[in-house]
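This report refers to the structure that appears directly beneath it.
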Amino acid sequence: MDKLTAINTAKKQLVADIRDYVRGQQESWRRIPWLALQADGRGRYPEFYSRCYRLGLWSLHFSTGQQYCNLIDCATGEIVCSTFKPADDAAVLSLAYYLDRVDTSIIIENLQREASKKISSWSSRKEHMERAVWRRQLIKELSLTKLYVRPEEAAAA
């Protein structure tokens, strides 16, 4: 086997291993939308939290060169583009440098830490209560549960 063939074979195996690693954490990915909602509005308002609990897509926060192909579908654990199409091999391969960003134990720990933050000193008690009401309304509106199920999947079940 020549060097180029060996490299291409190794590359294909690495892509498959990365996909398997991310997909293998599916149950943990399903926890992330709920935690993203709990963390949202506690001093930070990142757009990717909203995308996560509204669409079930977790952003990996880096550019792969493949526009919008750096997302995890929290319902399936698949690496996808914003259109829910599977990310191509080049986008997946770029994750080899960012495996900490697809480690759900790190993501969950960070979200839990953010969600447990106290009210910031500039927030009034009224604002805190309004955010709690806002979260409850979103949970109802989105039919969000502690283990994420995409709404059309829940309707089919």
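Panel note: the C-alpha atoms of region 1-64, placed on their principal axes, show extents of 55, 25, 17 Å (largest first). Each stretch of four or more DSSP H residues adds -39500 (n - 2.57); spread over every residue of the chain, this sum gives -16000 deg cm²/dmol at 222 nm. Once the Cα atoms are used to define both axes, helix 125-142 deviates from the longest principal axis of the chain by about 50 degrees. Annotation for region 78-143: chymotrypsin sites (Phe, Trp or Tyr not before Pro) lying in DSSP loop with at most 16 further Cβ atoms inside 10 Å of their Cβ are PHE84, TYR98, TRP122.
Considering only trypsin sites (Lys or Arg not before Pro) in DSSP loops that have at most 13 other Cβ atoms within 10 Å, the longest stretch of the chain without any of them is 45-116. Close Lys pairs in region 3-156, defined as Cα atoms under 20 Å apart and 8 or more places apart or on different chains, number 6. Among SER124, SER59, SER28, the residue with the largest mean-square fluctuation in a Gaussian network model of the chain, with springs joining Cα atoms closer than 10 Å, is SER124.
Values in this text are rule-based calculations from the coordinates and carry no lab data. Only a predicted model underlies this, so the values are computations on that prediction, with no experimental measurement involved. Please note: Cβ atoms are built from the backbone with ideal geometry, for glycine as well, and neighbour counts cover all protein chains shown.
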